[in-house]
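Heads up, the thing below is written out as structure tokens.
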Amino acid sequence: MSKENNNLRKKAVSLEGFVCIFVIGIVFYGLAHKMGGINMINTLIKTAHDLLINTVFFIMGVAVLAGAFAAVLSEFGVIAMINKFLSPLMRPLYKLPGAAAIGILTTYISDNPAILSLSTDKGIRKYFKNYQLPALTNLGTSFGMGFIVSAFMIAQSTLLNKSLVIPVIIGNVGAFIGSIVSVNLMIHFTKKIFKSTNVELEEDNSADLDKINYREIREGNAVERLLDALLEGGKMGVKMGLDIIPGVLIICSLVLMLTNGPGPNGYTGSAYEGIEILPYIGAKLNFILKPLFGFTSAKAIAFPITSLGAVGAALGLVPQFIKEGAITAREIAVFTSMGMTWSGYLSTHVAMMDSLGYRKLTGKAILSHTIGGLVAGISANIIYSLVM
């Protein structure tokens, strides 16, 4: 048996199994003791079902339309134009070569791992010094699912009876500020680590010009390209919608049970009942959360906490919070900023850093991005106060 395969094996009976049983037992005992065993199970199932029908499919609809729109923008050169305009800003803002601007656009219209395409493209990789490559993880994650998050938040305007376009724009600006902090912190760490072996890679301007000045298109005439772009973009939206189902149903259901309280008639096993642990924690931290993020209700802490693992699941919290009057347009701006910046980085950073070949730097990447997300939320709150 190879050493690599042996590393993936453990004894059938180990401490890990007992710890797992203990943790699961504590969590479900705490819920059942407060809600009642049958009520807890019914609430969990009914909440997951309602999230699937009324939230996941709504997010999927938004994702399909957003994916189709983004694909058309890419196919007919709008993304390429934006990319060319952004490239000169990359070095002064992020200490990265202009080619990294492609990563911002690809992750904004898709998801965090799209940035990894830069690391495998030899025509782009050559512009990066060795200490700059690990920072691609932070750059991509800062903008991952940005288009989906923004479109979803704007779609809540009807539910809140107020236009959310400006708050969402403010949230995007906050995320942009957070990305600068996250990437520059990561560059600061990696530059020190790579200082002794910092060798600049050779540059070939012709390859850079190809990436900046030219773009690939689909086969066929304009109408055929339009239809292909719409359908392929829509398919990506469907895939994203399906991919977030486990996260929304599992994470969001548990978070809501830790966030909400009993119904008007106590615990009845209905959807969206819970034991109010997160609001309790939020209330204790309100002296920090209120001035930093402007949260109206202690419940709002659930969104950034959920965003750490899956922003798709965090989006599922928003409609319920609006119905309960727990959030306002200010929170939408802050949620957009933090949700977009963090975008589930705790669940993707390890794999992304491993794919780049810098697994040992994962801790630095997570620390930098945690600070970047907090700065993003604070920035959105401050900008909202100034603008609105």
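The values are calculated or read from the model by the stated rules, or taken from the named source; none is laboratory data. Everything numeric here is computed off the predicted structure, so don't read it as measured data. Positions of Cβ are generated from backbone atoms using ideal geometry, with glycine treated the same way; all protein chains shown enter the neighbour counts. To get the accessible areas, we keep the full protein, side chains included, count just its heavy atoms, and leave off ligands, DNA and RNA. Shrake-Rupley method; radii C 1.70, N 1.55, O 1.52, S 1.80 Å.
A cut-off of 5 Å between modelled amide H atoms, ignoring neighbours fewer than 5 places along the same chain, links Gly263 with Thr268.
I'd like the distance separating the alpha-carbon centroids of region 332-356 and region 39-98, in whole Å. The distance from the Cα centre of region 332-356 to that of region 39-98 comes to 12 Å. Here the extension length gained between Leu89 and Val23 equals 19.0 nm, from 0.36 nm per residue of separation less the Cα-Cα distance.
Over the chain, with a single point scatterer placed on each C-alpha, what log10 of the ratio I(q)/I(0) does the Debye formula yield at q = 0.08, 0.10, 0.11, 0.15 1/Å? Computed log10 I(q)/I(0) values: -0.46, -0.71, -0.85, -1.37. In order along region 158-171, the Karplus-derived 3J(HN,Hα) couplings, from 6.51 cos²θ - 1.76 cosθ + 1.60 at θ = phi - 60°, round to 5, 5, 8, 6, 7, 5, 10, 4, 5, x, 5, 4, 4, x Hz, and Gly and Pro are given as x.
Take Met145: with every protein chain present and a 1.4 Å probe, its accessible area is about 10 Å². Could you compute the FRET efficiency for Lys323 and Asn130, with r as their C-beta to C-beta distance and R0 at 56 Å, rounded to 0.05? The pair Lys323/Asn130 has a calculated efficiency of 0.65.
The angle between the Cα long axis of helix 329-342 and the longest principal axis of the Cα atoms of the chain comes to about 60 degrees, rounded to the nearest 10. With R₀ fixed at 56 Å, the C-beta to C-beta distance from Ile82 to Lys11 puts the FRET efficiency at about 0.55. Maximal additional length on extending the Lys235-Val350 stretch stands at 38.7 nm, based on 0.36 nm per residue less the C-alpha distance. Rolling a 1.4 Å probe over the protein heavy atoms leaves Phe69 with an accessible area of roughly 110 Å². The listed residues Arg91, Arg359, Arg225, once ranked by accessible area (1.4 Å probe) with the largest placed first, stand as Arg359, Arg91, Arg225.
With the simple spin-label model, which puts each label point 7 Å out from Cα in the Cβ direction, the Ile53 to Asn221 separation comes to 4.7 nm. Put a dot 7 Å past the Cα of Asn161, heading toward its Cβ, do the same for Met388, and the two dots end up 1.6 nm apart. Ordered by solvent-accessible area of protein heavy atoms (1.4 Å probe), largest first, the residues Ile378, Ile45 come out as Ile45, Ile378. Accessible surface calculations at 1.4 Å, restricted to protein heavy atoms, place the chain at 49 Å² per residue. When the Gaussian network model of the chain links Cα atoms closer than 10 Å, the mean-square fluctuations of Leu317, Leu367, Leu105 top out at Leu367.
Subtracting the Cα-Cα distance of Ile38 and Tyr214 from their residue separation scaled by 0.36 nm leaves 57.2 nm. Our coupling estimate for region 94-108, obtained by passing each phi through the Karplus curve with A = 6.51, B = -1.76, C = 1.60 and θ = phi - 60°, is 10, 6, 10, x, x, 4, 5, 4, 4, x, 4, 5, 5, 6, 4 Hz, Gly and Pro reported as x. Rounding to the nearest 10 and keeping the result within 0 to 90°, find how far the Cα-based axis of helix 57-75 lies from the longest principal axis of the chain. Roughly 10 degrees, rounded to the nearest 10. The calculated 222 nm mean residue ellipticity attributable to helices in the chain amounts to -20500 deg cm²/dmol, summing -39500 (n - 2.57) over DSSP H runs of n ≥ 4 and dividing by all residues. Among Ala365, Ala155, Ala222, the largest mean-square fluctuation in a Gaussian network model of the chain, built with springs joining Cα atoms closer than 10 Å, belongs to Ala222.
Within the full protein context, the accessible area of Asp243 is estimated at about 90 Å² for a probe radius of 1.4 Å. Surface composition of the chain: carbon plus sulfur atoms hold 66% of the accessible area, using a 1.4 angstrom probe and ignoring ligands, DNA and RNA. Placing Met60, Met153 in order of accessible area, with the largest value first and a 1.4 Å probe, yields Met60, Met153. Mean sequence separation of contacting Cα pairs (under 8 Å, at least six apart), scaled by the length of the chain, corresponds to a relative contact order of 25 percent. Each Cα pair under 8 Å and six or more residues apart adds its sequence gap; the mean of these over the residue count of region 203-354 is a relative contact order of 19 percent.
Compute the angle between helix 345-356 and the longest alpha-carbon principal axis of the chain, please, reported from 0 to 90 degrees and rounded to the nearest 10. Between helix and principal axis, roughly 30 degrees.
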